[in-house]
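Following: one structure in structure tokens, then a few remarks.
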Amino acid sequence: MNVVTLHAANPGPMTGSGNWTYLLPGPRPLLVDAGVGHDDHLARLFEAVPGGPATVVVTHAHSDHASGAPALHERAPAIRFLKVPWPDSDAAYAVPWDALDDGQVLETAEGPLTVVHTPGHSPDHVVLWHEASRTAFTGDLLVRGSTVVIPASRGGVLADYLHSLGRLAALGPRRALPAHGPVIDDPLAVIDAYLAHRRDRERQVLETLGETPATIPALVGRIYRELHPALVAMAGESVLAHLVMLEGQARVARDGATWRLVR
Ligand SMILES: [Zn+2]
């Protein structure tokens, strides 16, 4: 598959070395993710496809994937912007969004891409599946060498995320092109490692609550040893994500801000 990898030029604390966007050139070029509107990204994109992409698919509305849409729209007003709707978040980016659906097929010069709705990291998250090469454009579903944050207080749902990992695994991917970090040549192994990690974390949460009921900050302090202060909030989101899933299974309950085991 002929894919041009374009860096969004946005390194930072939340994006690591920054985001990758992926261009499928051809008569009707398709760009996966909009970047953040950085001049370097726009320059490389319009050098590769001087008329601009025909279509931009945004994997989800987090700003490092979507906030470049208005700059692209301004430069090339004919671009069609596609994503699964998440109205509260999409409204932050002033472009006309067209709704993507699970199972929808997008034609490209490299053959069809199938939309796979993969909520969990965010409610609107999609993976694009290229069956011919068994390649998945995975957005923020997978990151080599790291787990994926489930921002539970901002639309993240761990149970949905685990289901989405299962959907991707069932496709039998050979390669994943993520929005952050290196290309993943063994996506099934990464998914297995994620599932094992989540089981370990769940066991830690249950064991810790088994000793005594606790608030989320207390749980974070006991589960994550030597956590960098900048990462405490993210760890809290991860613990909350587990608690909400366990609450849905009636295995934990909350009294105000304090969580306890259901015995
Ligand atoms: Zn994200």
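The values are calculated or read from the model by the stated rules, or taken from the named source; none is laboratory data. The structure displayed is predicted, hence computed values, not measured ones. No Cβ is skipped: glycine too gets one built from the backbone with ideal geometry, and neighbour counts run over all protein chains shown. These area figures cover heavy atoms from the full protein model, side chains too; ligands, DNA and RNA do not enter into them. Shrake-Rupley method; radii C 1.70, N 1.55, O 1.52, S 1.80 Å.
Which residues, counting only those in the range 17-75, are among the basic types (K, R) and either within 14 Å of the ligand (Cβ to nearest atom) or touching a residue at least 60 places away in the same chain (Cβ under 8 Å) (or both)? Give the derivation first.
Taking the range 17-75 as the starting set, the residues that turn out to be among the basic types (K, R) are 28, 44, 75.
The one that is among the basic types (K, R) and either within 14 Å of the ligand (Cβ to nearest atom) or touching a residue at least 60 places away in the same chain (Cβ under 8 Å) (or both): R28.
Can you name the residue in the range 10-51 that is surrounded by 18 or more Cβ atoms within 10 Å (Cβ to Cβ) and modelled with pLDDT under 95 and is also nearest to the chain's Cα centre (by Cα) among such residues?
The qualifying residue nearest to the chain's Cα centre (by Cα) is G18.
Yes/no per residue for (1) more than 21 Å from A152 (Cβ to Cβ); (2) open to solvent by 20 Å² or more (accessible area, probe 1.4 Å):
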position	(1), (2)
P53	yes, no
V58	yes, no
A61	no, no
A66	no, no
A69	yes, no
H73	yes, yes
A78	yes, yes
W86	no, yes
D90	no, no
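State all residues of the range 96-110 that are over 14 Å from P29 (Cβ atoms) and open to solvent by less than 20 Å² (accessible area, probe 1.4 Å); if no residue qualifies, say none.
Of everything in the range 96-110, just one residue is over 14 Å from P29 (Cβ atoms) and open to solvent by less than 20 Å² (accessible area, probe 1.4 Å), namely L100.
Test L82 against the stated conditions and say whether it is within 23 Å of L142 (Cα to Cα) and more than 16 Å from the ligand (Cβ to nearest atom). Step through it out loud before you land on a result.
Working: within 23 Å of L142 (Cα to Cα): yes; more than 16 Å from the ligand (Cβ to nearest atom): yes.
When the stated conditions are applied, L82 passes them.
Give me a count of the residues in the range 137-154 that are within 16 Å of the ligand (Cβ to nearest atom), of a type outside the set (S, T, Y) and over 12 Å from the mean Cα position of the chain (by Cα).
Taking the range 137-154 first, the residues within 16 Å of the ligand (Cβ to nearest atom) are 137-144, 146-154.
Among the residues that remain, those that are also of a type outside the set (S, T, Y) are: 137, 139-144, 148-152, 154.
Now drop any that are not over 12 Å from the mean Cα position of the chain (by Cα), which leaves 144, 152, 154.
Here the count works out to 3.
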